[in-house]
Structure formats: C-alpha cells, structure tokens
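Engineer: Take this structure, written in structure tokens, and hold onto it; I'll ask about it next.
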Amino acid sequence: ITTMIKTKKDKRQCIVDAATELFHSAHDMRKVSVEDIARQARVSPTTIYNYFGTREALVCEVAKKLIIAIFERVSGIMRSDLPFDKKMVAAVAGKIDLASQVNGEILAKVVSQNKHLAPFVEEIYRTEIRPMWLDFVAEGKQQGYIDPAVDEEALLIYLDTIKAGFNI
C-alpha cells in the first residue's frame, strides 16, 4: 500500500512538474493542452483529469507551487544572517532571477482570476509575508539602514499597494 501511495504522489508531482515546464516554455500557457502535459509527464490525459479534475485545477496547482517557491526563496534570504543591505541585494537579484524563470504577468493573471488561488495568496500574505516584512523593516532600522522615524504602517500601505498590483 505504501508503494502505491508513493507512486500516486510521484505521478501527481510528475504531472505538476511537466505542466510547470511546459508553461515556462510556452509563450501563451493557454495554448498548452492537457494532451501536451500528459505527453510530457508520460501519462494519459485521463490520468490528469483523475488527479486534478480540470485543467484549471492543474493550473492552480502549478501556480501554488510557483508562489510557494518564490516565498521560500525570499524567506530564506530574509531569515538569513546576512546584514540588511546584503539581504536587499540578494532579494533584488533573486527577483530578477525569478523574473527570468516565471512569467509574472501570467502568474498575476492566474492568481487574480482563480477563486481558489486568491484566498491561498491572501493567507500567505497575512500570515507570512506581512510579518516577515515588518521584521525586515525593524532589522533595517536596528542596523541603521532605515530611519527609525519611518512609520511601519506607511511601509505596510506600500506593501499593500504592491499586493494590490496582483489584483488579489
């Protein structure tokens, strides 16, 4: 039974990985068909529908995977022992690197148009990103990179404005 469960998890992950790869390489991810994904994952289209129900659900799963990867990368930088200025440089460099790998417009569109993704992103923002941002600002103040008089609320409004840019 454990082997069968592991095989199902592996197959599901293989499908998500294949879809991710095809979406990255496609100019327009809407042109990537379930049949293309099935061929890449070496499964039947029926298997994809059995695991995900719809193509939209698979797209949602891929978007979640990308959002988590982005968050984990940024979180790793922010929680590291690097000084504030080095974290800022690493975060910007990481953003540039991610931008070359992920079509941000597509990700933003998928997030804004998918009723299941918006709550997922909102939860990550509320429970993880916002507190991490406040810790980062406090660290910048402590290390002398941010004026201690700068109001955290003003910076949170800025962060909320960035988040609103994703229509979440």
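Engineer: Provide a single number: the residues in segment 33-67 that are surrounded by fewer than 14 Cβ atoms within 10 Å (Cβ to Cβ) and in a loop (DSSP other than H, G, I, E, B).
Structural biologist: Result for segment 33-67: 5.
Engineer: Do we find that LYS95 is modelled with pLDDT of 85 or more, open to solvent by 30 Å² or more (accessible area, probe 1.4 Å), assigned to a helix (DSSP H, G or I) and of a type in the set (D, E, K, R) in this structure?
Structural biologist: In short, no.
Engineer: Pick from segment 76-92 the residues that are loosely packed, with under 14 Cβ neighbours inside 10 Å and among the charged types (D, E, K, R): which of them is modelled with the lowest pLDDT?
Structural biologist: ARG79
Engineer: I'm trying to understand the selection: among the residues of segment 140-167, which are modelled with pLDDT of 80 or more, open to solvent by 70 Å² or more (accessible area, probe 1.4 Å) and either aromatic (Phe, Trp, Tyr) or in a helix (DSSP H, G or I) (or both)?
Structural biologist: GLN142, TYR145, GLU153, ILE157
Engineer: Can ARG73 be described as surrounded by 15 or more Cβ atoms within 10 Å (Cβ to Cβ), of a type in the set (Lys, Arg) and either at pLDDT 80 or above or farther than 25 Å from ASP17 by Cβ (or both)?
Structural biologist: The answer is yes for ARG73.
Engineer: Before we move on, is VAL137 modelled with pLDDT of 85 or more, aliphatic (A, V, I, L, M) and buried (at least 16 other Cβ atoms within 10 Å of the Cβ)?
Structural biologist: yes
Engineer: Under the condition of being open to solvent by 50 Å² or more (accessible area, probe 1.4 Å) and in contact with a helix residue (DSSP H, G or I) (Cβ under 9 Å, 6 or more places away or on another chain), which residue from segment 7-29 is farthest from LEU66 (Cα to Cα)?
Structural biologist: Of everything passing the filter in segment 7-29, LYS8 is farthest from LEU66 (Cα to Cα).
Engineer: Looking at (1) assigned to a loop (DSSP other than H, G, I, E, B); (2) more than 28 Å from GLU123 (Cβ to Cβ), which is the only condition LEU82 fails?
Structural biologist: Failing condition for LEU82: (2).
The values are calculated or read from the model by the stated rules, or taken from the named source; none is laboratory data. Just so it is clear, the structure is predicted and the values come from calculations on it, not from any experiment. Every residue, glycine as well, gets a Cβ built from its backbone with ideal geometry; the counts of neighbours run over all protein chains shown. The protein model used for the area step is the full one, side chains on, heavy atoms only, and it has no ligands, DNA or RNA in it. Shrake-Rupley method; radii C 1.70, N 1.55, O 1.52, S 1.80 Å.
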